[in-house]
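To keep things clear, I will list the structure first and then write my remarks on it.
Every read-out reported here was derived from the displayed coordinates using simple, explicitly stated rules and does not represent laboratory data. What you see is a predicted model; the values in this text were computed from it and never measured. Note that each Cβ is placed from the backbone with ideal geometry, even for glycine, and that neighbours are counted across all protein chains shown.
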Amino acid sequence: MSQQSQTAKPGGLGALFTSTIGLKVLMAVTGAALVLFVVQHMFANLQIFAGREVYNEYAHFMQSLGKLLWVARLGLILIVVLHIWAAVHVARLNDEARQHRYHKPRKYQVTTPWARYMLFSGVVIFLFIVYHILHFTAGLADPAVFNHWEVLVAGHWMPTPDSFDPAAAVAAGAEIRHDAYEMFILGLQKPMVGLFYVVANIALAMHLAHACTSMFQTLGLSYGKYRPFVVLIGPAIGALLLVGNVLMPLAMMTGMVQVDTIGAVAPVSHGGH
Amino acid sequence: MSKQTMSLTLHIWRQPGPDRPGRLVPYKVTDVSPDMSFLEMLDVLNEGIIEGKIKDVGNYGPVVFDHDCREGICGMCSMVVNGEPHGPRRGTTTCQLHMRSFEDGDEIYIEPWRAKAFPIVKDLVVDRSAFDNIIAAGGFISVNTGSAPDANAIPIGKRDADEAFDYAACIGCGACVAACPNASAMLFVGAKVAHLVKMPQGQVERESRVINMVSTMDDAGFGACTNHGECSRSCPKEISLDAIMLLNREYMRATVKTRGK
Ligand code: SF4
Ligand code: FES
């Protein structure tokens, strides 16, 4: 009998992908990595307020990472896929488990709207990520905004006008780099685009307000006296991201931050329009 | 205490059998003393139905509900009262809930626990065998047979003893599942796992227990915890969410320890 009680059902690391707790852990671990990413992403982008030179220097540095950048990108995509896979799996299990609802709706006492609409905020965030990559990474959503370049003139990076032809410049031996600064500001100046960024970041803040506290609980790190502190982590990170990430599109939409083109290289053709 | 009696309108879930359709049926009960327990009030209702004094639309007969100890220790009296498992009072089972928690003229909705893993047997009675299966899968310890060991032969730290005792307070009622938006049983399973892991006697089956209990829980069709906290709030024994946290911790530890075995 004691022999039998010792034979555990399939445990091991495979349980990460099959059991309810395993899926939660998978979601928490991938989620933690994504939180670290979005927080650093926000601080990196806030450099937009430091002006053209600082921002483009940073963007250039990121681009110069080459292969490493691609490792990071593919890693992030893998993490996002795992996170979504686990979330969808858990959501389906839970829907199935709670298939019978109450006629007099349950009076929820302690849960929050953030906790209850995780899937919804998650979907908004996912749609945003797809758009955001097409917008600012692939440059397919709005090529006119994406295609801005700086050119190296006497050791200084100089902005160029819209009519600048990067291919021709490179052929002529000039050194150019992507003008992420102008792309960022011009892209978010468009009201509908800016609004979408605002909405998506509200969804992100909501998602993280629950998620960041939740992951501590799931990973077994909210024991006893730490709990009152842990319950504040989610709302705190959510609020931080809300302020930082919404500030940027708002600043562009209202014209608080505008493209600074001092010293723009003006080729002859510029007078054409 | 006022001597006044109360009149209530009850909307009770009536379902003749597991696969039969059910519906909420209204009943008027009068002469309810505020000092009655909720179950005594239902006894009054059933008496009225049997004697034909209370109108029973659809002729369902007396309302079938589970109960046993009526003193808050057996965990049988499962019902969702006005959208809250075990009714509006915190840390209180339905049998310990008194009618003074309600007002004269109130409308009260009474439904069974709802969860895929708790199929309805009849009216307010659900089948909670899933909990028994989870206990059978690991809710035990190994002891030598023979004469009872000396009570203090194995010393246990005060803190561990207190915590184990708090978790042991779970009466297996299932309110946590009924309350959970995901119909998750992790507060219950967590309470059992945490109770035994705090004791030296619980160490022998430490890994197999948590793995077997969780896999039985998953097989029964309970959902996964997404940290809403409704379970702990509805729990008549006020089991802390720490139970779920410890369950997660123990499960992770056990999966790592048993890998490749
Ligand atoms: S944890 Fe609380 S609500 Fe859940 S079964 Fe135990 S006593 Fe009932
Ligand atoms: S009847 Fe035993 S706990 Fe309510």
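Looking for whichever is among the aliphatic types (A, V, I, L, M), under 20 Å from B:THR94 (Cα atoms) and either within 16 Å of ligand 2 (Cβ to nearest atom) or assigned to a helix (DSSP H, G or I) (or both) here; the options are B:VAL193, B:VAL177, B:VAL214. Which one fits? Every option except B:VAL177 fails the conditions. In this structure, is A:LEU74 exposed (fewer than 14 other Cβ atoms within 10 Å of the Cβ), closer than 27 Å to A:LEU195 by Cβ and either in contact (Cβ under 8 Å) with a residue 24 or more places away in the chain or not polar (S, T, N, Q) (or both)? It is false that A:LEU74 is exposed (fewer than 14 other Cβ atoms within 10 Å of the Cβ), closer than 27 Å to A:LEU195 by Cβ and either in contact (Cβ under 8 Å) with a residue 24 or more places away in the chain or not polar (S, T, N, Q) (or both).
B:THR255 meets all of the listed conditions (1) facing chain A (nearest Cβ under 7 Å); (2) out of contact with any Lys or Arg (no Cβ under 9 Å at 6 or more places or on another chain); (3) surrounded by fewer than 24 Cβ atoms within 10 Å (Cβ to Cβ); (4) among the hydroxyl-bearing types (Ser, Thr, Tyr) but one, namely (3).
The set of residues from the range A:77-124 being at the interface with chain B (Cβ under 8 Å from one of its Cβ atoms), of a type outside the set (D, E, K, R) and part of a helix (DSSP H, G or I) comprises A:VAL90, A:LEU93, A:ASN94, A:ALA97, A:ALA115, A:MET118. Remark: pairs (first residue in the range B:216-238, at the interface with another protein chain (Cβ under 7 Å from one of its Cβ atoms); second residue charged (D, E, K, R) and assigned to a loop (DSSP other than H, G, I, E, B); Cβ separation under 7 Å; 6+ apart in sequence or on different chains) = B:GLY221/B:LYS116; B:GLY223/A:ARG98.
Taking (1) within 14 Å of chain B (Cβ to nearest Cβ); (2) more than 21 Å from B:PRO88 (Cα to Cα) in turn, A:TYR131 satisfies each apart from (1). When the range B:107-138 is filtered for residues that are within 14 Å of chain A (Cβ to nearest Cβ) and either within 15 Å of ligand 2 (Cβ to nearest atom) or under 12 Å from B:VAL81 (Cα atoms) (or both), the ones remaining, listed by number, are B:GLU107, B:ILE108, B:TYR109, B:ILE110, B:GLU111, B:PRO112, B:TRP113, B:LEU124, B:VAL126.
Taking the criterion of being without any contact (Cβ under 8 Å) to a residue 60 or more places away in the chain, within 16 Å of ligand 1 (Cβ to nearest atom) and within 12 Å of chain A (Cβ to nearest Cβ), the only residue of the range B:143-179 that qualifies is B:GLU163.
Those residues that are assigned to a helix (DSSP H, G or I), among the small types (Gly, Ala, Ser) and free of Cβ contacts under 8 Å to residues at least 12 places away in the same chain, I need them from the range A:23-71; list them, please. Passing the criteria: only A:ALA50.
Filtering the range B:43-75 to residues that are in contact (Cβ under 8 Å) with a residue 24 or more places away in the chain and within 12 Å of ligand 2 (Cβ to nearest atom) leaves B:PHE65, B:ASP66, B:HIS67, B:CYS69, B:ARG70, B:GLU71, B:GLY72, B:ILE73, B:CYS74, B:GLY75.
Can you say whether B:ASN182 is more than 10 Å from every other protein chain (Cβ to nearest Cβ) and free of Cβ contacts under 8 Å to residues at least 60 places away in the same chain, as far as the supplied structure shows? Lay out the reasoning, then the answer.
On the way: more than 10 Å from every other protein chain (Cβ to nearest Cβ): no; free of Cβ contacts under 8 Å to residues at least 60 places away in the same chain: yes.
The answer is no for B:ASN182.
When B:SER142, B:SER147, B:SER78 are checked against the criterion of being within 16 Å of ligand 2 (Cβ to nearest atom) and small (Gly, Ala, Ser), B:SER78 stands alone in meeting it.
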